[in-house]
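Here is the structure we will look at.
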Amino acid sequence: MTGEMRAEFDSTLSEPELSELVELLRALIRIKSVNPPGDEILAARHLEQVLADEGLRPTVVEPFPGRGSIVARVRGDGTGGDPLLLLSHLDVVPAEPAGWTHDPFGGDLVDGYVWGRGAIDMKSMVAMEVQVIRRLARSAKEAGRDPAADPIPGLRRDVIFCSSADEEAGGWHGANWLVNEHPDWLRAAGALNEASLCMTYGGARFYPIQVAEKGFVVYKIHVKGRWAHGSVPTPDNAAVLAAQIVTRLAEPGPPRFTEPIAVSLARAIPHLTARAARAIQGLMADPNGLTAPEPGAIEATLRDLCDPVLARTVSAIIHDTVSVGIVAAGVKYNVIPGTAYIEIDCRTLPGTDEQAMREELRRRIGEELWARMDIECEQVGPSVSAPLDGPLYPLLEQVLRDHDAGAVPLPFLAPFATDAKHLARIGVPTYGFSPLKTGRDDGLLALMHGDDERVSVEALRFGLPVLWDAVSRFCA
Ligand SMILES: [Zn+2]
């Protein structure tokens, strides 16, 4: 990173440009890209036009009907190293209008907020990324260059924009396909992606930067009982055995503080109340001492310290978790079922592989019940981690501090998977960096995938210059 920024990389955001950004976001929200079925091609075509209007020649692909992704590249002079990838997704999760104050696909601008599905996850970032690309293309034009072919003045690395289909359902029709079929389009020194949301706690503003995400394992458990007549109860009722297994799986396992979380908590402690700091220090010093005598002790401590959504999130990122998704047994009320099956969704911390997860399940279920079941691994995806000491991460922290003197940037492990898992296969470290500065009442965690999803214009006013500075400092 060079200390002095060139004048053309000034991050100041004018009112007309803010309006342009807001209008782009509203337009994207109105393009219904609910997955399933996705129909992301409509959003991809819209952005293709937006970027073509700036003189760029983006590529839109539609490898499966309706499942469109877009990739565009602006060039640096190549002296700065490998490109930076701005990654995002075009699809959104469904929204049931009955629970909303405004039409979830109306893109209304009311009370200083843009309302609608995708306002947070993640069309606001798509719009900010496009705006960064627009700025770069315009600076080339102003210098009399062709933005589609010539280097952008002052830019030393390429900047790639990729907004893909299907992230909300695993990315198989989007990022996964792109990584398999066109890895060269996406190869980069690093990627910026979604998933970090500003959060206020105890008066401090924490900006989680996602550096890792949990892996997953899906298991199917076949419970072995014995068929019998309902008039004479037996101990071999597969439904009862399944219920016992489910109950044991629901107990939280031992906590583990992985590197990003240990660093995060250590940095957060000076900004917490004395009571909260003591409690967190206690958890970290002797996590097993707390849980061994009393399962759920950590959860109780967390609920005491923060709101229920945050408490559940923190618990999820310090445990290998198990959620029971399907329990099925029985054919008729007076027939004791001889079989049952259970499907479970396990989310694994960095360092927990499939074998270790299976051992943990066995420990929770116990040998007696374990002997009455078969377990089958249906899907497995490894956890993903990006380095904290790479060139990109410290720069992201610094940019946040430069724009918000009260910012406390923290590395973060996401409890869910994003498209970062696909980029990891071609060696691209991905950082979740959605610099949306939010107020105390925005409740972003709850609004993601929830009713009344919305983003404030002020959050966008803060976010674009931050993203711009991150891109220009890394690439210029
Ligand atoms: Zn998302």
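Computed from the coordinates by the stated procedures, all read-outs in this text should not be read as laboratory data. Note that the structure is predicted; figures quoted are calculated from it, not measured. Every residue, glycine among them, receives a Cβ derived from its backbone with ideal geometry; neighbour counts consider all protein chains shown.
Peptides 28-40, 84-96, 179-191, ordered by how many other C-beta atoms sit within 10 Å of their residues on average, highest first, read 84-96, 28-40, 179-191.
Scoring 126-138, 13-25 by mean Cβ neighbours within 10 Å over their residues and listing the highest first yields 126-138, 13-25.
Can you give the Kirkwood hydrodynamic radius for region 26-119, in Å, rounded to one decimal and based on Cα pairs? Value: 15.0 Å, from the Cα pair sum.
Over region 111-167, consider all pairs of different Cα atoms and compute the Kirkwood hydrodynamic radius from their mean reciprocal separation; express it in Å, one decimal. With all distinct Cα pairs of region 111-167 included, I get 13.3 Å. Per-residue Cβ neighbour counts within 10 Å put ARG156, ARG67 in the sequence ARG156, ARG67, beginning with the fewest.
The label point for PHE416 and the one for ALA98, both projected 7 Å from the Cα toward the Cβ, are 2.3 nm apart.
Scaled against the 2.2 N^0.38 Å expected of a compact globular protein of N residues, the Cα radius of gyration of region 215-381 reads 1.24.
For the pair ASP236 and ARG425, the difference between a 0.36 nm per residue extended length and the Cα-Cα distance amounts to 63.5 nm. With a ≥ b ≥ c taken as the square roots of the eigenvalues of the C-alpha gyration tensor of region 65-195, please select rounded if a/c is under 1.5 and otherwise prolate if a/b is larger than b/c or oblate if it is not? Cα axes put region 65-195 in the oblate bin. Taking 0.36 nm per residue of separation and subtracting the Cα-Cα distance, full extension of the segment from VAL218 to GLU23 would add 66.1 nm.
Packing here is the average count of other Cβ atoms within 10 Å per residue, and on that basis the peptides 157-163, 382-388, highest first, run 157-163, 382-388. About its Cα centre, the dipole of the chain is roughly 660 debye, where the only charges are +1 on Lys and Arg Cβ and -1 on Asp and Glu Cβ. As a calculated quantity, the FRET efficiency between GLN281 and ARG156 at R0 = 56 Å, using C-beta atoms, amounts to about 0.80. Just so you know, the Cα atoms of the chain work out to an Rg and Dmax of 24.3, 88 Å. Taking a sphere under 15 Å around the Cβ of GLY325 and counting the other residues whose Cβ falls inside, with K and R at +1 and D and E at -1, yields a net charge of -2. Within the straight-line cut-off of under 21 Å between alpha carbons, the lysines reachable from LYS332 are LYS224, sequence neighbours fewer than 8 places apart in one chain being disregarded.
For the pair CYS377 and ARG303 in one chain, pulling the backbone fully straight at 0.36 nm per residue adds 23.4 nm over the alpha carbon distance. At an R0 of 25 angstrom, the distance between the Cβ atoms of ASP402 and SER14 translates into a FRET efficiency of 0.80.
Bridging of LYS421 to aspartates and glutamates at a Cα separation below 14 Å is possible for ASP166, GLU167, GLU168, GLU194, GLU213, once same-chain residues fewer than 8 apart are set aside. Note on LYS123, LYS332, LYS421, LYS224: ascending count of other Cβ atoms within 10 Å places them as LYS332, LYS224, LYS421, LYS123, the fewest first. Think of the chain as a dipole: +1 on every Lys or Arg Cβ, -1 on every Asp or Glu Cβ, centred on the Cα centre; then among ASN237, PRO465, PRO63, ASN237 lies furthest on the positive end.
Length, then width, then depth: along the principal axes, the Cα atoms of region 383-476 run 37, 30, 20 Å.
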